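A.B. asks: Could you have a look at this structure, given as C-alpha cells, before my questions?
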Amino acid sequence: MSGYDRALSVFSPDGHVFQVEYALEAVKRGTCAVAVKGNGIVVLGCEKRSAMKLQDTRITPSKLGMVDNHVCLAFAGLNADARILIDKARLEAQSHRLTVEDPVSIEYITKYVAGVQQRYTQSGGVRPFGISTLIVGFDPGSEEARLYQTEPSGIYSAWYVNNPTPANSPK
C-alpha cells in the first residue's frame with residue numbers, strides 16, 4: 001500500500017487502481033440485487049435485511065429506484081452513493097425528455113450512468129461510486145425487456161435471454 005491507494009489515477013505496479021478495488025469491495029459487502037429477464041418481462045429483486053428493533057422501517061432506503069416511467073434501477077453497495085447516482089440519472093432522463101421530446105432508451109441511460117461512474121474513477125476530489133447497478137426497462141415502442149449492468153469502474157454490459165432448446169427438438 002505504498003501510496004498507490006491514495007490517488008485515483010495512479011496505477012500500482014501490477015496494474016490495479018486500488019480505489020476502484022475498494023469500491024468493488026463495498027459492492028461485495030452490500031445486499032444482493034438480482035434481475036431475471038424473459039421474453040417481454042423483467043423482474044428485479046433485492047435482499048432486504050431485517051431491521052433492528054428501534055429502527056423505523058418506513059424510512060429505510062430502498063434498493064430499487066425509478067429513473068423514469070419505463071426505467072428502473074436496482075443496486076448493490078452503498079446507499080448514499082446510489083442516491084447520488086439515481087438523482088443524476090433522473091435529471092438526465094428529464095433533460096433528455098425535454099430536449100429530444102422522447103423518453104430515454106435503456107441503453108442511453110445505462111451509458112450515462114456508466115459514464116458518471118467512470119468519471120469518478122479519474123477526477124480529483126471524488127472517489128469511485130461504491131455501487132453496481134442493474135438497469136431494466138422497456139424502450140418506448142418496444143415489447144422487448146432490456147437489462148444492463150454497470151460496475152464501479154464504469155464498465156457496463158447488456159444481458160440477453162438465453163433461449164433454451166425446445167423439449168421436442170432432436171438432440
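A.B. asks: Using unit Cβ charges (K, R positive; D, E negative) and no other charged atoms, how large, in debye to the nearest 20, is the dipole of the range 1-151 about its Cα centre?
C.D. replies: In debye, rounded to 20, the range 1-151 gives about 600.
A.B. asks: Calculate the all-directions average of the projected area of the chain's alpha-carbon convex hull, and give it in nm².
C.D. replies: 15.1
A.B. asks: Just to be sure I understand the rule: take each whole DSSP H helix in the chain, project its Cα atoms onto its long axis, keep it if the span is 27 Å or more and its mean Kyte-Doolittle hydropathy is at least -0.5. Which ones pass?
C.D. replies: Qualifying helices: 79-100.
A.B. asks: Something else now. Leaving out same-chain residues fewer than 8 places away, which lysines sit with a Cα under 29 Å from that of Lys63?
C.D. replies: Lys28, Lys37, Lys48, Lys53, Lys88, Lys111
A.B. asks: Can I ask one more? Along the charge dipole of the range 1-156, Cβ charges K/R +1 and D/E -1, which of Ile84, Phe138, Val100 sits furthest on the positive end?
C.D. replies: Farthest towards the positive end: Ile84.
A.B. asks: About its Cα centre, what dipole magnitude does the range 58-140 give when the only charges are +1 on Lys and Arg Cβ and -1 on Asp and Glu Cβ, stated in debye to the nearest 20?
C.D. replies: Taking the Cα centre of the range 58-140 as origin, the dipole is about 420 debye.
A.B. asks: Which of Arg146, Arg97, Arg119 moves most in a GNM of the chain, Cα contacts under 10 Å?
C.D. replies: Arg97
A.B. asks: To continue, here is another question. Please find, in a Gaussian network model of the chain (springs between Cα atoms separated by less than 10 Å), the residue of Ala80, Ala114, Ala51 whose mean-square fluctuation is greatest.
C.D. replies: With Cα springs under 10 Å in the chain, the top fluctuation among Ala80, Ala114, Ala51 is at Ala51.
A.B. asks: Just want to confirm a number: the relative contact order over the chain, from Cα pairs under 8 angstrom separated by 6+ residues, in percent.
C.D. replies: Relative contact order of the chain: 24 percent.
A.B. asks: Around Trp159, what is the net charge, scoring Lys/Arg as +1 and Asp/Glu as -1 over all other residues with Cβ under 11 Å from its Cβ?
C.D. replies: Neighbour charge sum, excluding Trp159 itself: +2.
A.B. asks: Consider all pairwise Cα distances in the range 17-59 and report the whole-number % of them above 13 Å.
C.D. replies: 71
A.B. asks: Among the GluC sites (Glu not before Pro) within the range 60-119, which fall in a DSSP loop and have no more than 13 other Cβ atoms within 10 Å of their own Cβ?
C.D. replies: Hits after loop and neighbour filter: Glu101.
No lab work stands behind these numbers, since they all come straight from the coordinates. Note that the structure is a prediction, hence the values are computed from the model and not measured. As a convention, Cβ positions derive from the backbone with ideal geometry for all residues, glycine included, and neighbour counts pool all protein chains shown.
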